[in-house]
Structure formats: structure tokens, C-alpha cells
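Read the structure below first, then the notes.
The values are calculated or read from the model by the stated rules, or taken from the named source; none is laboratory data. Here the structure is a predicted model, which is why all the values come from computation and not from measurement. Don't worry about glycine lacking a Cβ; one is built from the backbone with ideal geometry, like all the others, and counts go over all protein chains shown.
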Amino acid sequence: MSAVQEMTAAVLHGKEDIRIERVPVPEPAAGEIVIKVGAALTCGTDLKVYRRGYHAKMLVPPALFGHELAGTVHAVGEDVTKFALGDRVVALNSAPCDACFYCERKQPNLCDDIIFNNGAYAEFIRIPARIVEKNTLAIADGVPFEHAALTEPLACVVRGLDECEAAIETRPGDTVAVIGAGPIGLMFMHTAQIAGYRVIAVVKRDEQIAAAKTFGAAEVVQTTQVEDAVAAVRALTPNGRGVDVAIEAVATPATWEWAVDMVRKGGVVNFFGGCAAGTKVELDTNRLHYNDIKLLASFHHTPTTARKAFALVTGGKFKCAEYITGRARLTELDSVFRKLMSRTNDIKTAILP
């Protein structure tokens, strides 16, 4: 009997407890593939998992974790016909069933039987058959792995902007306010700018101003430099009427309320930032009703928005290189997360196994 092959991987054991361990290299079952990870990216969700020590939907420690990745097909299971050894691919972190109540109603992001996949912070990762079939895409030779790995978070952002556009009749030149300049907020700014919108960024720290401008913000409101962030944003709109679209990407009650107060009559708000369970927010119901304001809350991505995001990443429009602000070895992962907890100006760090 041949010896079991081992790999190096990051294992989450609990709150702020990452251990670099030797574990078996996964083997693919029927319909599955195993990817040799070329690059895995840090993510706000992974940072939350690191801080909390778990994720209610995706993993229970001890567990491999990380979910933004791209790499090369290392092994294929029986019945796999879409990919072969050596193919360069990006695999997303989930796939819907296409058969449940929500999938039948074109809401696959809410699928009752959605499967999640983690384990990107490792030398190899197994991709379940459903994700291989529905949410794994081939990468052209000229696209760096760390750029292709941006597909998953960008797919969530693309869906969020799509939902806003479906809620009201948006037009090129309309104004979009993005509250928050973390990785997701910057993605919203850039995606909106690429789509032809005028972007107002609402940021807190000095170093976020330059980042917001790099990713498409026409104007920046720094909350620590104005008395009233809402008034400052509205002052940048014609007749102070407010923005057409307000996107909240911070996840605090105050910023949720700001988003509603920044938007114009007939505008749309997307509460993209997910607050902690049990959080309550106070909203002016009179303003909502008589101003016909649309409220949305976008969660996750779909196979359709994954492909739209992939086209942005690989089509040369999205500033992928500027988005990757650091690189580190897998053995340095714990120190990378501790640095991210201190709110540096890093956007995404590429972990290179």
C-alpha cells in the first residue's frame, strides 16, 4: 500500500487560533477535482471567522478554511469531462441545487441545499462535484491566479449592483454613494464606476481617500472631517436631493441609517454589510413611505453573477493588480490576519502556498 500523501494547510481550531499543519492531500470522488492552489486571497468573511472562531453556515472547527482561490487541476475524479489535469481554473465557494423552492424562483443565492466549500489556505483543495459543474471556470494563460481569485467576492458585489439596477431605472451618470472603503466597499466603487455611475465614497481613515479615488470615486467624504456625513453627501448632489443609489458596506446601525438618509426620493438603498445577529436599526418610516424609497439587502452570489464578475476580472477593465496589496506564504497566515485586525491600508493579501 502506498503511503498517504500529505500537504501543508491552515487549520482553524477556534477564536484567533490558526495552526499550520500537515494533513492528507485530498482525493477526488466521482465528479470532483483537486486543485493545486496557485493563490488564495484574504477576505473580510475569513477575518470574521478568524475573530469568532467559527462560521454558522460554512464551517465548525477544527476545519480547513479560506474560500477565494485559483490554481491548477491536480487530480480529477471519474465522470469529470469539463476539466483535465493541468487546466488553470477558479472555483467558487458554493453552488446551488437548482431544484428547491428558492432556486425555482431564481434566487439560487438562498438555496435550501446550497453547498459551501472551504480550505483555500492550503497546498491543495478538493472541489465538490456540484461546484465543479456549476461554479468552476477555466482561466486563460495570461491571467494571474491572484487576479482570477477575485471572482468570488466580485460576484457578490456584481449581484448587489444588479439588484439596485433592477429596483429602479438607473441611467449612466447616476450617483452612487458607497459607505465604507474596505475590500468590498472598494469593489462596489470600482464596479459602479466601470458601469458608468458617478461614485461618492464615504470613508473614515486618511489612507482610504487615495484608495477610493484609485477605484473610481469622483468625490470622497471623510466622516472624521465633516460634522454631518449625510449632509456632506447630499451637498454633492444636484439641489441636494440625495444620491440615486446608496450602498452600505460597513455593517453598523449608524451607517445603515446614513444610507437611508443619503438617498433621494425614489432611490434605492442596498444594506450589503451584514450586522451581527440581533442588531436593531431605527428608520424614519414616514420618510421611507412618502419618498417611495426601495430597501434591499443583498447576500452572496449566483452562477450568473460569478460569470459576470469573471468577465470583469479577465477582460482588463477591473484593476486587479491594484487590489492585491500584499503577498505572504501560507506559514505567515496568522500574522497576516493579526495585521488585518489592526485596520491597515491593505486591501487583499495573496497567500501563496
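For the reader, a short list of remarks on this structure follows.
- Under the condition of being among the charged types (D, E, K, R) and either touching a strand residue (DSSP E or B) at 6+ places or on another chain (Cβ under 6 Å) or in a strand (DSSP E or B) (or both), the residues counted in the stretch 1-31 number 5.
- Some residue of the stretch 61-68 being modelled with pLDDT under 95, surrounded by fewer than 22 Cβ atoms within 10 Å (Cβ to Cβ) and part of a loop (DSSP other than H, G, I, E, B): yes
- Any hit, the stretch 194-204, residues being part of a helix (DSSP H, G or I), small (Gly, Ala, Ser) and touching a helix residue (DSSP H, G or I) at 6+ places or on another chain (Cβ under 6 Å): no
- Any hit, the stretch 170-182, residues being of a type in the set (D, E, K, R) and without any contact (Cβ under 8 Å) to a residue 24 or more places away in the chain: yes
- Taking (1) assigned by TED's automatic domain parsing to the domain that holds Ser342; (2) in contact with a Lys or Arg (Cβ under 9 Å, 6 or more places away or on another chain); (3) polar (S, T, N, Q) in turn, Gln107 satisfies each apart from (2).
- Answer from Val89, Val132, Val49 - the residue that is assigned to a strand (DSSP E or B), in the same structural domain as Arg19 (by TED's automatic domain parsing), among the aliphatic types (A, V, I, L, M) and buried (at least 19 other Cβ atoms within 10 Å of the Cβ): Val89
- If the condition is being over 23 Å from the mean Cα position of the chain (by Cα), under 26 Å from Asp162 (Cβ atoms) and of a type in the set (Val, Ile, Thr), then the stretch 271-285 contributes only Val281.
- Looking only at the stretch 177-222, and only at residues there that are in contact with a strand residue (DSSP E or B) (Cβ under 6 Å, 6 or more places away or on another chain) and among the polar types (S, T, N, Q), the one that is farthest from Arg159 (Cα to Cα): Gln222
Here's the yes/no breakdown for (1) buried (at least 22 other Cβ atoms within 10 Å of the Cβ); (2) within 20 Å of the chain's Cα centre (by Cα); (3) more than 19 Å from Val199 (Cβ to Cβ); (4) hydrophobic (A, V, I, L, M, F, W, C):
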| site | (1), (2), (3), (4) |
| --- | --- |
| Asp141 | no, no, yes, no |
| Leu161 | yes, yes, no, yes |
| Ile168 | no, no, no, yes |
| Pro172 | no, no, no, no |
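- Selection within the stretch 238-296 - modelled with pLDDT of 95 or more and at positive phi: Asn239, Gly240, Gly242, Gly266, Asp292
- Within the stretch 316-353, the residues that satisfy the criterion of being in a strand (DSSP E or B) and closer than 26 Å to Gly14 by Cβ are Gly326, Ala328, Arg329, Lys348, Thr349, Ala350, Ile351, Leu352.
- Cross-chain or 6+ apart pairs with Cβ under 9 Å, the stretch 273-297 first and in the same structural domain as Ala259 (by TED's automatic domain parsing), then surrounded by fewer than 11 Cβ atoms within 10 Å (Cβ to Cβ): Ala277/Ala56
- Filter result (surrounded by 15 or more Cβ atoms within 10 Å (Cβ to Cβ), assigned to a helix (DSSP H, G or I) and either in contact with an Asp or Glu (Cβ under 8 Å, 6 or more places away or on another chain) or in contact (Cβ under 8 Å) with a residue 60 or more places away in the chain (or both)) within the stretch 205-226: Gln208, Ala211, Thr214
Yes or no, residue by residue, for (1) within 17 Å of the chain's Cα centre (by Cα); (2) assigned to a loop (DSSP other than H, G, I, E, B); (3) surrounded by fewer than 18 Cβ atoms within 10 Å (Cβ to Cβ):
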position: Ala75; (1), (2), (3): no, no, yes
position: Glu78; (1), (2), (3): no, yes, yes
position: Phe83; (1), (2), (3): no, yes, no
position: Asp98; (1), (2), (3): no, yes, yes
position: Tyr102; (1), (2), (3): no, no, yes
position: Asn109; (1), (2), (3): yes, no, no
position: Asp112; (1), (2), (3): no, yes, yes
